[in-house]
Amino acid sequence: DDSYDEECDYLFKAVLIGDSAVGKSNLLSRFSRDEFRLDSKPTIGVEFAYRNIRVGDKLIKAQIWDTAGQERFRAITSSYYRGALGAMLVYDITRRATFDNVKKWLHELREFGSSDMVVVLIGNKSDISHLREVEEDDGKNFAEAEALYFMETSALENLNVEESFMQMITRIHEIAS
Ligand code: GDP
Ligand code: MG
């Protein structure tokens, strides 16, 4: 049911943020097209993807923006966040620094984004948990303290990807309707 001109009841914008190479683009391609790439091609060209989702009797078109390789702080402009009702803030469970930077991303999100944005914290790459540098509880506790949703995912093995996007989208729908 991905046809472009299908009638939709709501159009939601959501954004992906987080350090470079944490898996944002692969999470998005997994969610929107069920695709994964092993080579790390920085995002070029396509800056957002759509997916239509049915929630109850409503058809929601989720428009999800990707950073197009501009993950340096302050490189993302306020227009990226403008109108966004949701955000997926992604770190890599095998690189502690990407988790430490979550604070900075959240700060930027709260500076530029709307205050009632639904934010899901994502610890990605759960398939290589033998290389883990961030305990699941660290992610969970941080999310709880900051009132974020939280999930560990694997874009590679397609674990919790659908669930995490759907959590964000259904929550946005609850707030917006
Ligand atoms: P982005 O810069 O945040 O958009 O990250 P990418 O989606 O380009 O992914 C960066 C690298 O991590 C690529 O080599 C991907 O193949 C790899 N990657 C992404 N998601 C996962 C995952 O869930 N598990 C593993 N093992 N590798 C992943
Ligand atoms: Mg990318």
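The values are calculated or read from the model by the stated rules, or taken from the named source; none is laboratory data. Predicted, not measured: the structure shown is a model, and the values here were computed from it. As a convention, Cβ positions derive from the backbone with ideal geometry for all residues, glycine included, and neighbour counts pool all protein chains shown.
In region 167-174 there is at least one residue that is under 20 Å from Asn52 (Cα atoms) and free of Cβ contacts under 8 Å to residues at least 12 places away in the same chain.
Residues are listed down the side, and each one gets a yes or a no for (1) within 25 Å of Gln167 (Cα to Cα); (2) more than 16 Å from ligand 2 (Cβ to nearest atom); (3) at pLDDT 70 or above:
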| site | (1), (2), (3) |
| --- | --- |
| Arg37 | yes, no, yes |
| Gly45 | no, no, no |
| Ala62 | yes, yes, yes |
| Trp65 | yes, no, yes |
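The number of residues in region 122-166 that are free of Cβ contacts under 8 Å to residues at least 24 places away in the same chain, more than 18 Å from the chain's Cα centre (by Cα) and more than 16 Å from ligand 1 (Cβ to nearest atom) comes to 4. The test for being in contact with a Lys or Arg (Cβ under 6 Å, 6 or more places away or on another chain), within 22 Å of Glu47 (Cβ to Cβ) and not polar (S, T, N, Q) holds for Val90. For region 67-93, filtered to residues that are modelled with pLDDT of 90 or more and hydroxyl-bearing (Ser, Thr, Tyr), the residue that is farthest from ligand 1 (Cβ to nearest atom) is Tyr81.
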